[in-house]
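Note sheet for the following structure.
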Amino acid sequence: MLRRGFCTIAVALISFCQLGTAQNYKGTPKPTIQDYGPFPTTNRTAAATVKPETATPAKSTGAASGKCGNPLTSCLFYGGDFLDNPLYPPFLPNGLANESTVNVSGDPYGAAVWIPFTVPAGQTWDVTGLFTNNQSTYGVLDQGTEPIAVASWSINEEAFPGNAGVVVDSGTSPATSTATGRSAFGLNEFTVQVTGLSITLTSGTYWFSVVPVCTNSADPYCDGVFFTSDVEYLNTTPANAYGPVEPLDSSFFDSSLFGESFAPTSGSVGACAGDGCDAFSAGVLGKIAKK
């Protein structure tokens, strides 16, 4: 079964009870949204085994010092750390498929979570990087016949349900995938981060995606999954959140494979069927431009 989201998530999610047996859908019927959830709350096992070179956790998110990402760099916005808190009712920890992999492929990606952020009035941001925190089986990125780690990314504006809006800038760039030290759903969390960007944003609301790429069919690790971790603001602001507050209930899920076109992620009819996903663990790197 292809997987699309976490925990007790319904709709766009996957049951992780059989992670090791994910199907390769090449040449088989297109899966339906009912194939992807929910995550059973009883299946909260130890984190999956990862390659030793990718398993070293970051020492600190450092958002309080004006830095975020993994590795740390100057922060403009960060939604905060994922928290696996199964005891708080309703069961909210969750995530959504975010990947271009052997099993979840498509154009321009197999599945993407689009996260909103706001550049405050009177400010101009010089964006140098973007990242998403993703629960993953292996956290491995590569593309083509040589192991060049990349991720696809985009910043859009004027997005609304069913419409991607206007692309401000996008591309496929060298990326890092670094363990955060957090885990849930039998998976370990990795920060997939692109840097070296040069984008100027004026005040307004934007949506961005950073999608891990691992489409080399000769690489067994490209059979893994990635799910962008959600964050919740019900009890308190997520740990290490930084910058303008992430607009709640404004994220989108987009995937032609799953038959979704910029579908809202939150709410009872959203991609997560009411189980979390009102905000996500992701960030924008750079500095506020001097006037």
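The values are calculated or read from the model by the stated rules, or taken from the named source; none is laboratory data. From a predicted model like this one, the values you see are computed outputs, not experimental measurements. Here the Cβ is made from the backbone with ideal geometry for all residues, glycine too, and neighbour counts use every protein chain on show.
Looking at the range 153-204 only, could you name the residues that are aliphatic (A, V, I, L, M), in contact (Cβ under 8 Å) with a residue 40 or more places away in the chain and within 16 Å of GLU99 (Cβ to Cβ)? Explain how you work it out, then say what you get.
Of the range 153-204, the ones aliphatic (A, V, I, L, M) are 155, 159, 164, 166-168, 175, 179, 184, 187, 192, 194, 197, 199, 201.
The next check asks that each one be in contact (Cβ under 8 Å) with a residue 40 or more places away in the chain; those that pass are 155, 159, 164, 179, 184, 187, 192, 194, 197, 199, 201.
Those that are aliphatic (A, V, I, L, M), in contact (Cβ under 8 Å) with a residue 40 or more places away in the chain and within 16 Å of GLU99 (Cβ to Cβ): LEU187, VAL192, VAL194.
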Open item on the list: For the range 255-268, give me the residue count where each residue is surrounded by 24 or more Cβ atoms within 10 Å (Cβ to Cβ) and either without any contact (Cβ under 8 Å) to a residue 12 or more places away in the chain or not hydrophobic (A, V, I, L, M, F, W, C) (or both).
Closed with: 2
- [ ] Search the range 51-79 for residues that are farther than 17 Å from VAL284 by Cα and outside any loop (DSSP other than H, G, I, E, B) and pair each with any residue that is β-branched (Val, Ile, Thr) and at pLDDT 90 or above when their beta-carbon atoms are under 8 Å apart and the residues are at least 6 apart or on different chains.
- [x] THR54/VAL140; THR54/THR178
Open item on the list: Restricting to the range 83-106, and then to whatever is in a loop (DSSP other than H, G, I, E, B) and modelled with pLDDT of 90 or more, can you tell me which residue is surrounded by the most Cβ atoms within 10 Å (Cβ to Cβ)?
Closed with: ASN98
TODO: Have a look at ALA218, ALA271, ALA239 and point out the one that is assigned to a loop (DSSP other than H, G, I, E, B), surrounded by 15 or more Cβ atoms within 10 Å (Cβ to Cβ) and aliphatic (A, V, I, L, M).
DONE: ALA271
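Is it the case that some residue within the range 86-100 is in contact with a Lys or Arg (Cβ under 8 Å, 6 or more places away or on another chain) and not hydrophobic (A, V, I, L, M, F, W, C)?
yes
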- [ ] For SER229, work out the one condition from (1) surrounded by 24 or more Cβ atoms within 10 Å (Cβ to Cβ); (2) in contact with a strand residue (DSSP E or B) (Cβ under 6 Å, 6 or more places away or on another chain); (3) under 27 Å from THR124 (Cα atoms) it doesn't fulfil.
- [x] (3)
Task: Residue in the range 274-291 that is surrounded by the fewest Cβ atoms within 10 Å (Cβ to Cβ), counting only those that are under 14 Å from PHE82 (Cβ atoms), in contact with an Asp or Glu (Cβ under 6 Å, 6 or more places away or on another chain) and of a type in the set (A, V, I, L, M, F, W, C) - done: ALA279
TODO: Scan (1) surrounded by fewer than 20 Cβ atoms within 10 Å (Cβ to Cβ); (2) touching a residue at least 24 places away in the same chain (Cβ under 8 Å); (3) touching a strand residue (DSSP E or B) at 6+ places or on another chain (Cβ under 9 Å) for the single condition TRP114 breaks and write down its number.
DONE: (1)
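Restricting attention to the range 182-212, and to residues there that are among the small types (Gly, Ala, Ser) and surrounded by fewer than 17 Cβ atoms within 10 Å (Cβ to Cβ), which single residue is nearest to ILE288 (Cα to Cα)?
Once the filter is applied, the top-ranked residue is SER203.
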